[in-house]
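As structure tokens, the structure follows; a few thoughts come after it.
Derivation of every value follows stated rules applied to the coordinates shown; laboratory data play no part. Since this is a predicted model, take the numbers as computed values, not measurements. We place every Cβ from the backbone using ideal geometry, glycine too, and count neighbours over all the protein chains shown.
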Amino acid sequence: MGYIINGLSPKKFADIADMSDAELAKAHMLRVQSTSQRGFPCRISLQDTPLGEDVILLNYVSHDVTTPYNSSYAIYIRPNVETPSVYLDEIPPIFKGRSLGMRGFGDDGMLKSAALALPGEADAKICELFDNDEIAYIDVHNAAHGCFAARVQRHGS
């Protein structure tokens, strides 16, 4: 059994790229410039934003379910990324070197199990969680800041 990790669809954010700073502020979003090589992880490319590039900081509903586990938090997106990244049985760059909170959910949107993956442990923790047949998908969050990183889904048999 394998897994797949997809970046968010840029179509969800198409109208944001051309918004002025005032329009973004009115919608509770903010354009910022990456001030370091790490720390501005794009949820479309699943890579850290290059130094000096603009990103949009916005609130994103990552777990849109009608259970107590509905969740949203701030994320960064790079408005110029047109194609979401796809990682099949491999860890995306934004997971590497970070401590990650992993929440395993069932098809019913309820939490079935969770794990903390320290740097270098993401693949093993994903496989451990998917050993539980009740888990349909895993939402990965940065452990320190709590923001949504990506969803991991089962792939293959």
When you look at ASP107, is it surrounded by fewer than 18 Cβ atoms within 10 Å (Cβ to Cβ) and assigned to a loop (DSSP other than H, G, I, E, B), yes or no?
yes
Residue ID - nearest to SER34 (Cα to Cα), chosen from residues in the range 75-104 that are in contact with a helix residue (DSSP H, G or I) (Cβ under 7 Å, 6 or more places away or on another chain) and not in a loop (DSSP other than H, G, I, E, B):
ILE77
Residue in the range 117-157 that is surrounded by the most Cβ atoms within 10 Å (Cβ to Cβ), counting only those that are among the acidic types (Asp, Glu) and in contact (Cβ under 8 Å) with a residue 24 or more places away in the chain
ASP139
Checking the structure you have, find out if any residue of the range 48-68 is crowded, with 19+ Cβ neighbours inside 10 Å and part of a loop (DSSP other than H, G, I, E, B).
yes
Could you look through the range 1-47, keep only residues that are outside any loop (DSSP other than H, G, I, E, B) and of a type in the set (Gly, Ala, Ser), and pick out the one that is surrounded by the fewest Cβ atoms within 10 Å (Cβ to Cβ)?
ALA22
Matching residues in the range 19-62 - criterion: being closer than 19 Å to LYS96 by Cβ and among the basic types (Lys, Arg):
ARG38, ARG43
Across the range 77-87, which residue is surrounded by the most Cβ atoms within 10 Å (Cβ to Cβ) among those that are in contact with a strand residue (DSSP E or B) (Cβ under 7 Å, 6 or more places away or on another chain) and over 13 Å from ALA150 (Cβ atoms)?
ARG78
